[in-house]
1. Using alpha carbon coordinates only, what is the Rg to Rh ratio of region A:220-349, with Rh defined as the Kirkwood radius?
2. Quick check on the exposure proxy: order A:193, A:286, B:219 from fewest to most C-beta atoms within 10 angstrom.
3. Starting from the coordinates of the alpha-carbon atoms of the protein assembly as shown, obtain the Kirkwood hydrodynamic radius over all distinct pairs and give the value in Å to one decimal.
4. Over the alpha carbons of region B:124-251, what is the largest minus smallest coordinate on each principal axis, giving the biggest first in Å?
5. In peptide A:385-397, what is the residue-averaged number of other protein chain Cβ atoms found within 10 Å of each Cβ?
6. What number, in nm² with one decimal, is the all-direction average of the projected area of the convex hull of the alpha-carbon atoms of region B:1-111?
7. Quick one: the Cα spread of region A:304-453 along its three principal axes, in angstroms, biggest first?
8. Sticking with the crude label model, points 7 Å out along Cα→Cβ, report the distance from residue B:181 to residue A:65 in nm, one decimal please.
């Protein structure tokens, strides 16, 4: 049942001439069960208006040039079978578990949402509270991140997400918060909106694993106070034939540290956008991803779109994106560093690399630097290539079988991205999963028969 | 040990013949040196023997202890006891030297139907071998050859050789890029591995390596063939008079 009050807010924007895509947007919204919202209601109404004004993206939109938005524009996702859940990621680590099933908070499967120095709630449960700390944040960073590039799906998320996690940290959380997504319905179309606020000097590690839905749209808004430290690691279920959209909007205050790492091991169609605003002096923001795409469960397409703004002095940003592509898989990277006037002594770095394991796969990269300060250090690099034949021969000449040698070289290729995970236990867990997956598939030529000598 | 008969090799992608009938026999327990001017086919010979892609054998054969090498994959040749010390050892970021060596040692053992080494056994062995080559623990932990100096890379090659215990060792210009001290260290490592059931083929431009690794037999290679074979004095002759005179003599 659509909420009429929120939808009513859209009416003024569609007056006048109908635009192409209006019908699609109407159908898209009609298929959703839009929540009324409590303390988020003003933000949702605002989102409804903004969404009407910007519309859904089309193939002609510059920002969607390399990724076809059609599957995300469709009113409903295609039902898909669930991938077998063999994930044991992070289970050996003491952590606070939060479980969502088909986008709904599962209190029984979750730990008690209590820990020293932190407030954690599910969004739906918190809605009824007046004067909520998240009222000034929900949808705010998302709205601020709409300039200069429109991100309609994030706005749709602000409007449509009924659930999510609200985390406010005042101390140093000694164990990670681990969100596990589970899926039971074949056609689950899930919107989740998480809000994270780290007060001055606070520390949090946020982990995300599992399978969200047949189609998912997740927004994380992260507001980091002065000197705060936020580590985010996302590793969704491998081989899940999913459509996934993710946005992370971060505001990083002085001396704060933001680090986000995403592991993608196969899937169908994914786009992750990161919008990071480095607002205070001496802050650090790193974002990294390791992607392994195999077209064996359907056409694989993975897009990372990053926009980092340096608006303060002596800040460091680093983007490390590595994609291993096989069987016609496509990898996209659009990464921008914007250095605003006065953001002196900025140290910006960006690397994007594609490793193509066959000739049918492709990696598309669009690195951008826009610099309005004169005393900065910014560099970017992008490479696309095949496995290094000399290195492969070197390993084999030592007796390492070809399949194993390829696994080692793929891990070697991904090493810089994995090194962005500071916590060794978490890194080892991720590395173990990668190695298992690669080893299980070693020598599997797939559909395109790329495994031959 | 190593038997090469009438070996003809061309580049796979080009119509260019590089080896034009190489005949060579290296018996167990001996050290043979191959010298020759640039472009004579020395390195190609080492690559073809160890199974690198990009070459096509058009005629002839090569065998290791009676087993034909040319049909084997590179890893099978390694398990059969062949080892090539690279002229330019490859850097592999993100893969620890120790992990790499353990993977290699155990893959070979597995291929030969032997029991794999446990972590403890492997550690004990590698520490022992590393010590004699003056390779410190730090170097073992670093990614394979990344940030290693020229000398460290070559010592790392010899460490691999010591760990893998091959029966036939080919050293491709192991002296290139080494200073005198590093060369001595590498030569000592090689000499320590000399044994009645192991053979060496040392490829080099210069005689100086052969002062440290004394060969039993010296071959001169030119234009894709072995054109002269003799004792260590042949290397001295090259050192004093260059290849010109020698090759002129051969015609």
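What follows is calculated from the coordinates using simple rules that are stated; it is not laboratory data. Computed from a predicted structure; not experimentally measured. So basically every Cβ, Gly included, is an ideal-geometry build from the backbone, and we count neighbours across all protein chains shown.
1. Computed over Cα atoms, the ratio is 1.04.
2. Ordered by Cβ neighbours within 10 Å, fewest first: A:286, B:219, A:193.
3. Kirkwood hydrodynamic radius for the protein assembly as shown: 28.5 Å.
4. Here the Cα extents, ordered largest to smallest, are 53, 32, 24 Å.
5. 6
6. With the hull built on Cα positions only, its mean projection is 8.2 nm².
7. 55, 34, 24
8. Each label point is offset 7 Å from its Cα along the Cβ direction, giving 5.6 nm.
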